[in-house]
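> Take this structure first; my questions come after.
The values are calculated or read from the model by the stated rules, or taken from the named source; none is laboratory data. Note that the coordinates shown come from a computational prediction; the quantities given were computed from them, not determined experimentally. Backbone-built Cβ (ideal geometry, glycine too); neighbour counts: all protein chains shown. Accessible surface is based on the protein model in full, side chains and every heavy atom, while ligands, DNA and RNA are left aside. Shrake-Rupley method; radii C 1.70, N 1.55, O 1.52, S 1.80 Å.
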Amino acid sequence: QVTDWLARSFDDFFGNTPISSSAVLVKPLEGNSGRKQKKDLPSVSESSKAKVLPRKRAKPSAADLPSTKSRQNWRQSQDEPWVDRYKPETQSDLAVQKKKIEEVETWLKMHIFERQPKQGSSILLLMGPPGCGKTATVEILAKDLGVQVQEWINPISVDFTKEDLRNVFGQDSNFHMFPSQAQATLFQDFLLRANKYNKLQMLGESSENDKRLILIEDIPNQFYRDPSSLHEILRRFVRTSRCPLVFIISDNFSGDSNQRLLFPSEIVEELCISSISFKPVTPTNMMKVLNQIATTEASMNREKSFALDRTSLELLCRGCSGDIRSAINSLQFSSMKDCSLEKEFWSRKKRSSTLKCEAAALSKASKKSKSDTSEEQELQAIGGKDVSIFLFHALGKILYCKREPVSESESPPLPAHLSAHRRDTLLIQPEDIVEKSHMSGSMFNLYLHQNYVDFFCDMDDIVRASEYLSTADVLCSNWSIRLVMEEYSASVATRGVIHSNTSRAFAHHQGGIGFRPLHKSQWFYINKKYQENCLAAKSLFTSFCLPPECLQTELLPYLAMLANPMRNQGDSLFV
């Protein structure tokens, strides 16, 4: 049935309305535009389209001004989300770096139009934070190239009927599970079927171009628990691939990456998977898009919306952390005249911004350090996202530890026996930096310990810093209270390293250090080698019935000193 792709309310399960037993698995983007053509569905009434929303969430990431829309159609769609109304239509509408658009376009042309019969893998990973334009870029480029897009959507349920629901929630039911197939099985069937068969030619469609690509954004949750099952499916796909496969992976700013979990380096090398990383939308591009949307809405829908000033738009840009989808949603909510909360918030922001500008004329240097924290807190008041910092950026803030000069009148001098501890005021709060990196305290300390030596100029300073790092390590030594003490451990480590570096104790002495590259902690390599040695020792010396730690610290050193040969060559090589 045509209406199967529309979401139904829960009342349909218990009412007299019959429901279909099928669920949608694939959302083909009709035609070359990559958008649903609802006007071609005559069996769906206008009232049903107004009441029932598509199950697929919207994923646009840029804006396009509706200059061709009439005012009548504008009023009919005034309740439509702005992320749908201002969906990008051309490459110029994308708020994405031109270089990234060119990279994706070059890859698509190479693997669609210039593909050789035995070229091999055609898998692309598009990575980046949410709302940076990954999906919109693929859809627009596919439209420009005349390529059909077949997109996978995780099914909600399969073969699920009203009678099944009553059985599940009945009095005699133990509520075991819903009668449905595994998402991984359905995903495998879709991927191999979409790769094998061409699209059916509908009435009025041209058969000249049957080029297509497969788009995967909603990855089944089972693959996060068992990535090896996804790897086996991809191996089968590569052996019989006839069209490119594009994965959209959204990651945050921290080191917790879905890309490393689902696509480790071994699989990337084995299947020759390409990857392109998108960056957050720049404030300049985001400001341009929001300004266009705000101006258009204020002129076309004055009874319900009002235009925000430049200061308010800048606050929205900074509060959304490069997520243009979130920024557009926040703009729509902020522009509503009916929201008294927004009136009070923006009026307060305008007054505070005016006061800050006046204070800047009197004391520009002090304003920067004292207003950052309060301003970031105010950014979260409406539509703001948690501010994140890349790991190495956070490390740089700690190791470079920028300061501002403090006069003796503002800070009284320390006693003579404490004068060596005098420091200028920090421009950062170390605890906030660690929190925004989204890393645990112990993990952040590992990276800090790996890189801090290159930023010191005196051996005595290194000794003091190493003592602070040792103290921080002791705070997390007890596993029963480690989660509680990690915050204190990170505070001791970061502030100890900053305070110990006397070469950067004052603002006027901080020049000349230059750029220092940051490195990954060697602990990861050592821990991996340790795990491998434990497994090898346990498999080679099973007859001793000892744990791996005892084997390597007690037994193996003793065996190495014996003159008698080992039982086999493997034992002797390992020892």
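> For the cross-link pairs LYS279/LYS529; LYS134/LYS211; LYS99/LYS528; LYS402/LYS520; LYS109/LYS436; LYS100/LYS402, which exceed 29 Å when the distance is taken from alpha carbon to alpha carbon?
LYS279/LYS529; LYS99/LYS528; LYS109/LYS436; LYS100/LYS402
> If all Cα-Cα distances of the range 411-522 are sorted into 10 Å bins from 0 onward, what percent lands in each bin, rounded to whole numbers?
Going from the shortest bin to the longest, the percentages are 13, 41, 35, 11, 1.
> If you count only protein heavy atoms and use a 1.4 Å probe, how large is the accessible surface of THR295, to the nearest 10 Å²?
80 Å²
> Leaving out ligands, DNA and RNA, what percent of the accessible area of the range 283-335 is carbon and sulfur, probe 1.4 Å?
Of the solvent-accessible surface of the range 283-335, carbon and sulfur hold 52 percent.
> How about the range 485-529: which trypsin sites (Lys or Arg not before Pro) there are in a DSSP loop, with at most 15 other Cβ atoms within 10 Å of their Cβ?
LYS520
> Give me the accessible area of VAL474, 1.4 Å probe, in Å² rounded to the nearest 10.
Counting only protein heavy atoms, VAL474 exposes about 100 Å² to solvent.
> Determine the sum of side-chain charges near SER489: Lys and Arg each +1, Asp and Glu each -1, restricted to other residues whose C-beta is under 12 angstrom from that of SER489.
-2
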